[in-house]
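S.K.: Let me give you the structure first, and then I'll get to my questions.
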Amino acid sequence: MGKKINIDIAQDIRALIAEVLEEKPENIDENAGFVKDLGMDSMMALEILAGIEKKFKIVIPEENLPKFTNLKSTINIVKEILEKK
């Protein structure tokens, strides 16, 4: 998987999260905690996960859900799933 694809994944996920949080993508720090720092609730989290699964045509295993704590971990998990496809 090339560097360009990885950048696109990161941008796409950041944009999706920003849309759900009604925030500008550039305002979402990759290390900011979704719940603690960005005020995400469980409904927003489900909306983001559904959006990621649909956009990348993947299924995110339920055991991975607690690992989605910030943008950086979300991007890494999605990359791992895509590399296994």
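S.K.: Nearest 10 degrees, 0 to 90: what angle lies between the long axis of helix 71-84 and the longest principal axis of the chain (Cα atoms)?
M.R.: 20 degrees
S.K.: Still on this structure, I have one more. What does the charge add up to near ALA50, with Lys and Arg as +1, Asp and Glu as -1, over the other residues with Cβ less than 15 Å from its Cβ? Mind showing how you got there, number by number?
M.R.: Numbers: positive: LYS54, LYS55, LYS57; negative: ASP12, GLU19, ASP41, GLU47, GLU53, GLU62.
Result for the neighbourhood of ALA50: -3.
S.K.: Taking the chain as a Gaussian network, where each spring joins two C-alpha atoms under 10 Å apart, which residue of GLU47, GLU23, GLU62 fluctuates the most?
M.R.: GLU62
S.K.: Oh, and also: Can you list residues whose amide H is under 5 Å from ASN70's amide H, if they're 5+ apart or on another chain and H is modeled 1.01 Å from N?
M.R.: Excluding prolines and chain starts, which carry no amide H, the hits are PHE34.
S.K.: Charges on Cβ only, +1 for Lys and Arg, -1 for Asp and Glu, centred on the Cα centroid of the stretch 1-73; of ILE48, VAL20, ILE7, which one is farthest towards the dipole's positive end?
M.R.: With unit charges placed on the Cβ atoms, the residue in question is ILE7.
S.K.: Sticking with this structure for a sec: Over the alpha carbons of the chain, what is the largest minus smallest coordinate on each principal axis, giving the biggest first in Å?
M.R.: That works out to 32, 27, 19 Å along the principal axes.
S.K.: With n ≥ 4 as the cut-off for DSSP H runs, can you work out [θ] at 222 nm for the chain, using -39500 (n - 2.57) per run divided by the number of residues, rounded to the nearest 500?
M.R.: On the way: 3 runs with 48 residues, N = 85.
Calculated mean residue ellipticity at 222 nm is -18500 deg cm²/dmol.
S.K.: Another question, then. Which lysines, on any chain, are close to LYS36 with Cα under 21 Å apart, when same-chain ones fewer than 8 places away are left out?
M.R.: LYS24, LYS67, LYS72
S.K.: While we're looking at this one, here's another question. Helix 3-21 versus the longest principal axis of the chain: what angle, 0 to 90°, nearest 10, using Cα atoms?
M.R.: Roughly 30 degrees between the two axes.
S.K.: Quick check: pseudo-label points 7 Å beyond the Cα along Cα→Cβ at LYS54 and ASP8, how many nm apart are they?
M.R.: 2.0 nm
All of the numbers you see were taken from the coordinates with simple rules; none came from a lab. Small disclaimer: the values here were computed from a predicted structure and weren't measured. No Cβ is skipped: glycine too gets one built from the backbone with ideal geometry, and neighbour counts run over all protein chains shown.
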